[in-house]
1. For the structure I just gave you, tell me whether A54 is out of contact with any Pro (no Cβ under 8 Å at 6 or more places or on another chain), in contact (Cβ under 8 Å) with a residue 40 or more places away in the chain and small (G, A, S).
2. Can you name the number of the only condition in (1) farther than 22 Å from M59 by Cα; (2) modelled with pLDDT of 80 or more that R142 fails?
3. Starting from the stretch 152-167, keep only residues that are at pLDDT 80 or above, then list their pairs with residues that are among the β-branched types (V, I, T) and surrounded by fewer than 11 Cβ atoms within 10 Å (Cβ to Cβ) whose Cβ atoms are within a distance under 6 Å, requiring at least 6 positions of separation or different chains.
4. Select from the stretch 40-84 the residues that are among the hydrophobic types (A, V, I, L, M, F, W, C), buried (at least 20 other Cβ atoms within 10 Å of the Cβ) and closer than 18 Å to Y115 by Cα and list them in ascending order.
5. Run down D94, D131 and say which single residue is free of Cβ contacts under 8 Å to residues at least 60 places away in the same chain, surrounded by fewer than 16 Cβ atoms within 10 Å (Cβ to Cβ) and in contact with a helix residue (DSSP H, G or I) (Cβ under 7 Å, 6 or more places away or on another chain).
6. Considering only residues that are surrounded by 12 or more Cβ atoms within 10 Å (Cβ to Cβ) and among the basic types (K, R), which ones fall in the stretch 102-128?
7. Test each condition in (1) in a strand (DSSP E or B); (2) under 14 Å from the mean Cα position of the chain (by Cα); (3) loosely packed, with under 15 Cβ neighbours inside 10 Å for Q155 and report the one that comes out false.
8. When you look at D24, is it free of Cβ contacts under 8 Å to residues at least 40 places away in the same chain, closer than 26 Å to P165 by Cα and out of contact with any Gly (no Cβ under 9 Å at 6 or more places or on another chain), yes or no?
Amino acid sequence: MTTGSLIPIHTGGCQCGAVRYRIDAELRDPHLCHCRMCQKAAGNFFMPLASLPASALTMTRGEPAWFRSSDPVRRGFCRDCGTPLFLIDDSEPDRTFLTLGSLDDPASVRPRSIYGTEGRMPWFAEVAAMDGEETETDLAERGDHLARIRATNHQHPDHDTEVWPQNEPTS
């Protein structure tokens, strides 16, 4: 998404919608970090990140909680649902790292490099060739279960909302 002056605009937030943000800048150095610290912070094999000028980040709902994962680095996350959102290295206070999975349109930012290769899983290159299926394909076998999940979904949609959760009264 862009504005009239072609400055990229990105929006995103956590899974529950308690923390939302807007970025008015191009995301720089999109990459997959495989270092062990990012693995632990993401609870995953890697963490997709990109950097941006700190001044380009505007919180549009809520505020992140922070965990200091090392003396210079603190990580912002949603205190309600736990979604990892940001990483700030205090030695570079004018730069913020953003978790690409928290973007409303994560496919819009393609990682261009890999960092922390010492922590990369030895089988990572084989992942793209693995068999897979779309979630909807599983409906025939687990239709009732997936229907219950869909009917009771508390995940925030991939766009800004005036009110969230949707059942909250407007003022």
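1. No, not satisfied.
2. (2)
3. Pairs found: V163/T170.
4. Of everything in the stretch 40-84, those that are among the hydrophobic types (A, V, I, L, M, F, W, C), buried (at least 20 other Cβ atoms within 10 Å of the Cβ) and closer than 18 Å to Y115 by Cα turn out to be F46, M47, L49, A50, L52.
5. The unique qualifying residue is D94.
6. Result: R120, single match.
7. Q155 satisfies every listed condition except (1).
8. yes
The values are calculated or read from the model by the stated rules, or taken from the named source; none is laboratory data. On a predicted model such as this, the values are computed, not experimentally measured, just so you know. Positions of Cβ are generated from backbone atoms using ideal geometry, with glycine treated the same way; all protein chains shown enter the neighbour counts.
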